[in-house]
Structure formats: structure tokens, C-alpha cells
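Written below as C-alpha cells is the structure these notes are about.
The values are calculated or read from the model by the stated rules, or taken from the named source; none is laboratory data. Predicted, not measured: the structure shown is a model, and the values here were computed from it. Here the Cβ positions follow ideal geometry from the backbone for every residue, glycine too, while neighbour counts run over all protein chains shown. Areas reflect the complete protein model, heavy atoms only, side chains present, ligands, DNA and RNA absent. Shrake-Rupley method; radii C 1.70, N 1.55, O 1.52, S 1.80 Å.
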Amino acid sequence: MKNKRHHKKKVSPTKKWSAKLHLWFGLSVGIIVFIVSLSGTLYVFKDEIQNNLRKEAIYVKKEDLGKKPLSINILREKVSLELNEKAPINSVEISLDKEKSYRFLYYEKSKKGWNYFQQVLINKQVYVNQYTGQILAVYDEKYDVFNILKYIHWGLLLNSEWGPYTVGIPTVLFIAMLITGIILWWPKTKNARKGRFWFNWKNVKNWKRKNYDIHNVLGFYASFIALIMSVTGIYFAYPYVKNTFTLALSGSWELPKEKEKKSPDSLMAKNEAVFDLAAVQTEKLYAKSSSFRITLNGKNKKGKELKNLPVTIYGQEGRFSERSLLSFDKYSGKLLANKPHQKLSTAEKYANANYDIHTGSYFGIIGKIIWFIAGLICTSLPVTGFLVWWGKRKKQGKKI
């Protein structure tokens, strides 16, 4: 009789170690990959769902369209009085579509607390009819399902200082799993390759084989999009990843810091219509844009006092990649600086686009659909992978 050992297929060291790493990483972070993938996938169509559910608040009545909008200051005071919140209003977002209402934002965060609910003190969106001053709706975004999904995806609802690392480290391991998965999938010959691209279940009844094929085939197709999603994800989590991108795109380790000009008219009495003056000039300069956001509380994200009045302009609805920035004197409303999207460096443009690439919105609705499908497959991979391992373990356990 021939020795059975001669019939065993030789496995290359690369595939052997790829198999081990793929298994070890999968068993160690599979549950986190499942949670992060599922929460991210459910978040993809957030804008489309919310825009549909909030139609009554987003659009003003047609009979009000001929009227002149009320002053931003008057609207701000009206919102403050009606809601009576301890925190000041942070900003207002104004759409260039005159049929859409103004959105005032309350947002305040604490560094204390070990979880999302303790850190976020207030996060409310207030939709206001700019022609009548009527408050159309108030949404508590802190408890909104999409915001909760976002922070599960971002850091498992843990403290924002260290929470992202609990997702970032498994994401790095997931990247390694994707690479080792492609190595394991890659066939030796052209003939073997034919059976790796789709399911061949004509004479297959065993669920283990079908599960293996689902993990193998769908994992291969999703792996390339999953790599993009993973790399753009750790871009947010780790500064050195962002710095590496910046270095590759601009030759500099960090993005250029915005030099804030001190308002030259600081000795003047503050013009009460300063926000309206900024809004009028913004609409003239960026008439083809989607919307713009004006900071109202005079502070940046870190709570530091701003020397001037910044306005962020969004080129397209539902996208953050095409952003321009205007800076006005916070006393007189005089234009101090104009930084259009077209004049940004490649690294700055990528920094603005990373979020859109991560969610698929950069590629429009088709991109979102592809990202959603890839996200569903990524969610299934830890499950099908575990079943493959469990099936082999049970089979080995039966051997005597």
C-alpha cells in the first residue's frame, strides 16, 4: 500500500501562517468586528431615512416663502427663550434652498464620564421657520438611534478619549484578517480559480461546505471595500495614520494650521446684525453651494474663544468633502478671509473627504448601496468564520 502521507497537499509557509493569524485574530476580535460592522452598516442611510422622517420640520409652508427671513439674532433669542436650556446655542445651519428651514444646534460635552451618555450633556437640533419664527420641531440627538449607532461604531459608547482605541485595535487586526483571507483564498492554478469566484452547490448538501463557501466567496468580494472602510476608519482613531496620509499627499507631517486673524474692528460697538451680514455675503460668494453653518457662541470645538466669526460652507447636500471656509470680523461682519475648496491642498481635500469615503457617500447613492452590502458581508464574516472553525473543531474531536 502507498503511504497516505504522500497524498497530503503541501502548504506553503505563507499560507500556513496566514491561516493561523486569520484564525487567532478572528477568534480574538470577532465579536467587536461584528458589532462595529453592524452599527456602521445600519448608519449608512441615516441621511435618507432622517430626511424622509423629518419632512414636516425640514420644509417650511409654501405660503411663507414670499416673506423676508427674520434676523438670525431674533430667531436665536426665540429658540433660547422657548427651550430655556442652560447651554448656549452653538450654531445655525442655513440651506440655500429657501424652502428649507433653519437648523439651530445645541451641543455641549464633558470630558468626565466613562461612557457616551455621561459625556454628551446636550445635543439637540431645533428646526425653525425663518419667515415666521415658529419652531417646527426639536430633536434630541443624544438619544437618536443613528447617533447611538454612530458612537457604538466609533468607540462602543465608551469615553471618547480612549473609546476609539477599543475599536481601532480590532480594526487593525481586521485589516490583517482581510489580507490573510485574500492570501488563503488565492488559488494556485487557473483551474482552481474558477471555483473561487462563485458558489458551485449543484451536488452539495452539507451546510458546512455551503457556510465555508459563503465565508470564502463573499469575503473575497467584500474585502477590497472593507479595506477602504477599515483604513479610513483608523484615520479617525490614530493621529499617526492621519499624519502618514498627510505626509504622502503633501510632503508635510501635519496639515497647515488655520491662522486666526484677530478682528480688526474690536474697538467698535458690535453690530447686532453681524450674523445676517455674514449670511448675506456667504450666499453671494457661494450661491451654488448646498448650505452653510455659522458659529453663534463664539467658541471652537475645544471651548476656546474665537478671535473672529467662522462660516463653513458645504458644496453638496449630505457630503462633507467639498467644504469651504469664510472668516468674518465678529464685531463688524467685515470679510477677513476666504478659503474655497478648490484652493485647498490635496492633503486638506482628503482630510475633508475621509468621512464621505468611509461611509460611501463620496460616491453618491451607488456608493452607499455598495458600502451597505459590503458592510452586511463584513457583519456576517465573524459568524460564518466562527462556524467554519467550530465545524472543524467538532470534526477533529470525533477522530480517535
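For Q281, only one of the following conditions fails: (1) open to solvent by 40 Å² or more (accessible area, probe 1.4 Å); (2) part of a loop (DSSP other than H, G, I, E, B). What is its number?
So the condition that Q281 fails would be (2).
Got a sec? Which of K10, K16 is exposed (fewer than 13 other Cβ atoms within 10 Å of the Cβ) and assigned to a helix (DSSP H, G or I)? I'd like the intermediate steps shown before the answer.
Values: K10 fails: assigned to a helix (DSSP H, G or I).
So the residue among K10, K16 that is exposed (fewer than 13 other Cβ atoms within 10 Å of the Cβ) and assigned to a helix (DSSP H, G or I) is K16.
So which residues in segment 9-40 are within 18 Å of G168 (Cα to Cα), touching a Ser or Thr at 6+ places or on another chain (Cβ under 6 Å) and among the hydroxyl-bearing types (S, T, Y)?
S37, the sole residue that qualifies.
Tally up the residues in segment 326-338 that are in a strand (DSSP E or B) and in contact (Cβ under 8 Å) with a residue 60 or more places away in the chain, please. Let's see the steps before the verdict.
The initial filter retains those residues of segment 326-338 that are in a strand (DSSP E or B), namely 326-328, 335-338.
After this cut, where a residue has to be in contact (Cβ under 8 Å) with a residue 60 or more places away in the chain as well, the list is 327, 336-337.
Result for segment 326-338: 3.
So G66 ticks every box in (1) over 24 Å from the mean Cα position of the chain (by Cα); (2) closer than 15 Å to R293 by Cα; (3) outside any helix (DSSP H, G or I) but one. Which box is left unticked?
Tallying (1) over 24 Å from the mean Cα position of the chain (by Cα); (2) closer than 15 Å to R293 by Cα; (3) outside any helix (DSSP H, G or I), G66 fails exactly one: (2).
Looking only at segment 309-340, count every residue that is polar (S, T, N, Q) and buried (at least 21 other Cβ atoms within 10 Å of the Cβ) and tell me the total.
Initially, segment 309-340 is screened for residues polar (S, T, N, Q), giving 312, 316, 321, 324, 327, 332, 338.
So of that shortlist, the ones also buried (at least 21 other Cβ atoms within 10 Å of the Cβ) come out as 324, 327.
So the answer is 2.
Name the pairs: first residue in segment 252-270 and closer than 27 Å to N73 by Cα and open to solvent by less than 100 Å² (accessible area, probe 1.4 Å), second residue charged (D, E, K, R) and assigned to a loop (DSSP other than H, G, I, E, B), Cβ to Cβ under 7 Å, at least 6 apart or on different chains?
Correct list of pairs: E260/K307; S263/K307; S263/D329; S263/K330; P264/D329; D265/D329; D265/K334.
So, S71, is that one among the hydroxyl-bearing types (S, T, Y), modelled with pLDDT under 95 and more than 30 Å from G364 (Cα to Cα) or not? Don't jump to the end; show me each part of the working.
On the way: among the hydroxyl-bearing types (S, T, Y): yes; modelled with pLDDT under 95: no; more than 30 Å from G364 (Cα to Cα): yes.
So S71 does not fit the description; no.
Only one of these is in a strand (DSSP E or B) and open to solvent by 50 Å² or more (accessible area, probe 1.4 Å): L136, L81, L105. Name it. It would help to see each step written out before you state the result.
Details: L81 fails: in a strand (DSSP E or B); L105 fails: open to solvent by 50 Å² or more (accessible area, probe 1.4 Å).
Step by step, each of L136, L81, L105 is checked, and only L136 is in a strand (DSSP E or B) and open to solvent by 50 Å² or more (accessible area, probe 1.4 Å).
Residue-by-condition table, conditions (1) open to solvent by 40 Å² or more (accessible area, probe 1.4 Å); (2) within 19 Å of the chain's Cα centre (by Cα); (3) under 19 Å from G40 (Cα atoms); (4) modelled with pLDDT of 90 or more:
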| site | (1), (2), (3), (4) |
| --- | --- |
| L149 | no, yes, yes, yes |
| K190 | yes, no, no, no |
| L218 | yes, no, yes, yes |
| M229 | no, yes, yes, yes |
